[in-house]
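The values are calculated or read from the model by the stated rules, or taken from the named source; none is laboratory data. Remember, it's a predicted structure, so these values are computed and weren't measured experimentally. When we count neighbours, we look across all protein chains shown, and the Cβ atoms used for this are built from the backbone with ideal geometry, even at glycine. When the accessible area is computed, the model is the full protein with side chains, heavy atoms only, and any ligands, DNA or RNA have been set aside. Shrake-Rupley method; radii C 1.70, N 1.55, O 1.52, S 1.80 Å.
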2 protein chains.
Amino acid sequence: MSIENILNSASVKWMESEEGQDIVISSRIRLARNLMDLPFPLRLDQKAGHECLQRVKAVCQEEMPAVLNEVEFSGFDQLNILDRRILAEKHLISPDHAESNSSFGAVLLNKDGSLSTMVNEEDHLRIQCLLPGLQLAAGYELAQHMDDFLESKLEYAFDERYGYLTSCPTNVGTGLRASVMLHLPAMQMTGQTSQILQNIGQLGMTVRGLYGEGTEATGNFFQMSNQTTMGQTEEEICNHLQAVTEQIVEQERVLRERMKIELKYQLEDKVGRALGILNHARIINSTEALTLLSDVRLGIDLGILSGIQPYALNQLIVSIRPAHLQKDVAQEMDALQRDIKRAEIIQEQIKGIK
Amino acid sequence: MSIENILNSASVKWMESEEGQDIVISSRIRLARNLMDLPFPLRLDQKAGHECLQRVKAVCQEEMPAVLNEVEFSGFDQLNILDRRILAEKHLISPDHAESNSSFGAVLLNKDGSLSTMVNEEDHLRIQCLLPGLQLAAGYELAQHMDDFLESKLEYAFDERYGYLTSCPTNVGTGLRASVMLHLPAMQMTGQTSQILQNIGQLGMTVRGLYGEGTEATGNFFQMSNQTTMGQTEEEICNHLQAVTEQIVEQERVLRERMKIELKYQLEDKVGRALGILNHARIINSTEALTLLSDVRLGIDLGILSGIQPYALNQLIVSIRPAHLQKDVAQEMDALQRDIKRAEIIQEQIKGIK
């Protein structure tokens, strides 16, 4: 089963990384869809909720295009809270969806985790495609395949004038949110982030932390996405985000090169200390670990350090989150025990870095 | 020449260390003496100053007891400011003496640096004996030998009623200050230092930082000495300090053992991080280095770390002070250059620690 593999694997598709993907960690396309003749999730009663769930489940039994890579249905009755939190830490479902005790929640996952559709989160269906690096067009294409497949079997709530109808008016229209996960340590170190984020806002983009709305930008990781879903086509939204992303990547790259020359020792000091602490700490919390791993990642990107692949760092960042730690030791842990376990896992993974 | 050896050597006598000297780093005996028929240093003019200098210099030409281990005279005309600062960093003269541009300053040093007599500091003569570990009686005995030798050749300012006369009334009487350098990380970590230092005050002791009056207790190093010099014999002063020191050592030892059990992970974390940062930093200032080396020293003392001898840590702490760094590279350095050089020296010295 896909779900078992995904729960137990260190990796899902977006964590893979290739040459030139040092600044854009991953791209995400999300399409919000609802069924026409059922109340939207906020007003869903038991009966209608299960009806929605059953219809989606039935669709997953049918033959589907090979490009979807074997999407499977997993109801929340099969997934305990720890499993759901693991999916959230892997970015496959939202933290809210993970915490909801809805008996008609579910997730549709394909084999490599590139397609993940939440059922009965804020909307009946939230189709998500997550890919490594800057791949918005490819992500949109894959999400569209999933959308087409579902739409061929289910009747969507769609209005000729407004487009796809959604629970929150900010999603009405295309129902599309395109986003990229960025790693911007040089901008942060040179104190330019707030100015640049302000400019981004004026370009119709919004910026959040690693785990979406309301989370902070720990470890210099930022999620940037489009603010509006109406008045632009899907292609325009993706292209616009692509263009803004490329500009930010360019700025980050210029700053990194400048730092390498002007702040050589300070940079080596920051990166070296981060590695030294990660290698020797016995107790480390999640925020500090992420911050130091961000510094190590920068060291790898700039050639100051070597001995680990960026994909392994992506995996590591996820594997030290609380639910992953808990699954790893297969028992309840208090905060201190988690911080100790986290330090052990990190040391095992980074021991090859020099 | 002794002076050249001492300036160029990483080590002087007090830095040696043996079993059981983990908490008391060193013991120091100081005797303040003045010549009878010359104005005391604060009122000394050129003529009288040089007269004092010449008399002391002449005494050093005479045959002296073997126990003094070849004391030699070095006038400040032979020692530039960098050399004098190096002597101060090795605790052989005071920082004030090092900075004074007095043309009649001098220091009498023996071969291993265990005896160091400042000439024309606050008093005409300040005989000092510095030994490793808790050795107040041995230190007093050696200082007394030096005192006897000088007194046999020079006439001291001495009053039947008040005892030895000195520039500052707090030194009148025995002219004796006995002190110990303590390393008290467990007291600091458990927040008990201020209470204990208050109690020490009530026992007639005073506590200062690593480089004497007005310096802070960086790196958990404290200098504890007697406050009064009158109304007690020399033996009583030494015995009293010895007894108080033994009590503090015992308290520190109890706290260390308790921490080893109750705060095992926190202790290993603190020690490990210190080692990690020292091993990987590219830029490190003097205060941070001392603080981290204090943690590493605690790790060595408690068997959490190994691979370096305590004497090497004593040498290292001195060798990363500004004047030692400057002498080492044989050129003027700015603060950043010093911080970079300091990091290099530390890494070279601690590379064997595991």
Which of the residues that make up the range A:334-354 are within 17 Å of A:Ile86 (Cα to Cα) and more than 13 Å from chain B (Cβ to nearest Cβ)?
A:Ile345
Can you confirm whether the range B:126-140 contains a residue that is at pLDDT below 95 and either surrounded by fewer than 16 Cβ atoms within 10 Å (Cβ to Cβ) or aromatic (Phe, Trp, Tyr) (or both)?
no
If you scan the range A:318-354, which residues turn out to be β-branched (Val, Ile, Thr), within 27 Å of A:Asp22 (Cβ to Cβ) and open to solvent by 20 Å² or more (accessible area, probe 1.4 Å)?
A:Ile345
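Look at the range B:241-250 and say how many of its residues are among the polar types (S, T, N, Q) and open to solvent by 80 Å² or more (accessible area, probe 1.4 Å). Before you say what the answer is, go through the steps one by one.
Taking the range B:241-250 as the starting set, the residues that turn out to be among the polar types (S, T, N, Q) are B:242, B:245, B:247.
Imposing the further condition that a residue be open to solvent by 80 Å² or more (accessible area, probe 1.4 Å) reduces the set to B:247.
Looking only at that region, the number is 1.
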Among residues belonging to the range A:299-316 that are part of a helix (DSSP H, G or I) and touching an Asp or Glu at 6+ places or on another chain (Cβ under 9 Å), point out the one that is surrounded by the most Cβ atoms within 10 Å (Cβ to Cβ).
A:Asn314
If we keep only residues of the range A:3-49 that are surrounded by fewer than 17 Cβ atoms within 10 Å (Cβ to Cβ) and closer than 21 Å to A:Leu154 by Cα, then the residue nearest to the chain's Cα centre (by Cα) is A:Leu42
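Table: residues versus (1) modelled with pLDDT under 95; (2) surrounded by 20 or more Cβ atoms within 10 Å (Cβ to Cβ); (3) of a type in the set (D, E, K, R); (4) under 23 Å from the mean Cα position of the chain (by Cα).
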position: B:Val56; (1), (2), (3), (4): no, yes, no, no
position: B:Ala66; (1), (2), (3), (4): no, no, no, no
position: B:Gly75; (1), (2), (3), (4): no, no, no, yes
position: B:Ala98; (1), (2), (3), (4): no, yes, no, yes
position: B:Ser103; (1), (2), (3), (4): yes, no, no, no
position: B:Val119; (1), (2), (3), (4): no, yes, no, yes
position: B:Glu122; (1), (2), (3), (4): no, no, yes, yes
Which of (1) more than 26 Å from the chain's Cα centre (by Cα); (2) under 25 Å from A:His280 (Cβ atoms) does B:Lys341 not meet, given it meets every other one?
(1)
Please give the number of the condition B:Asn285 fails out of (1) within 14 Å of another protein chain (Cβ to nearest Cβ); (2) in contact with a Gly (Cβ under 9 Å, 6 or more places away or on another chain).
(2)
Hey, A:Asp295 hits all of (1) within 14 Å of another protein chain (Cβ to nearest Cβ); (2) under 15 Å from A:Arg342 (Cβ atoms); (3) under 23 Å from the mean Cα position of the chain (by Cα) but one; which does it fall short on?
(2)
Quick one: is A:Leu108 in contact (Cβ under 8 Å) with a residue 12 or more places away in the chain, assigned by TED's automatic domain parsing to the domain that holds A:Cys238 and either among the basic types (Lys, Arg) or not in a strand (DSSP E or B) (or both)?
no
Within the range A:152-170, does at least one residue satisfy the condition of being open to solvent by 10 Å² or more (accessible area, probe 1.4 Å), modelled with pLDDT of 95 or more and assigned to a helix (DSSP H, G or I)?
yes
Could you grab me the full set of residues in the range A:283-295 that are buried (at least 23 other Cβ atoms within 10 Å of the Cβ) and of a type in the set (Val, Ile, Thr)?
A:Ile284
Hey, among the residues in the range B:259-282 that are open to solvent by less than 40 Å² (accessible area, probe 1.4 Å) and touching a Leu at 6+ places or on another chain (Cβ under 8 Å), which one's farthest from the other protein chains (Cβ to nearest Cβ)?
B:Met259
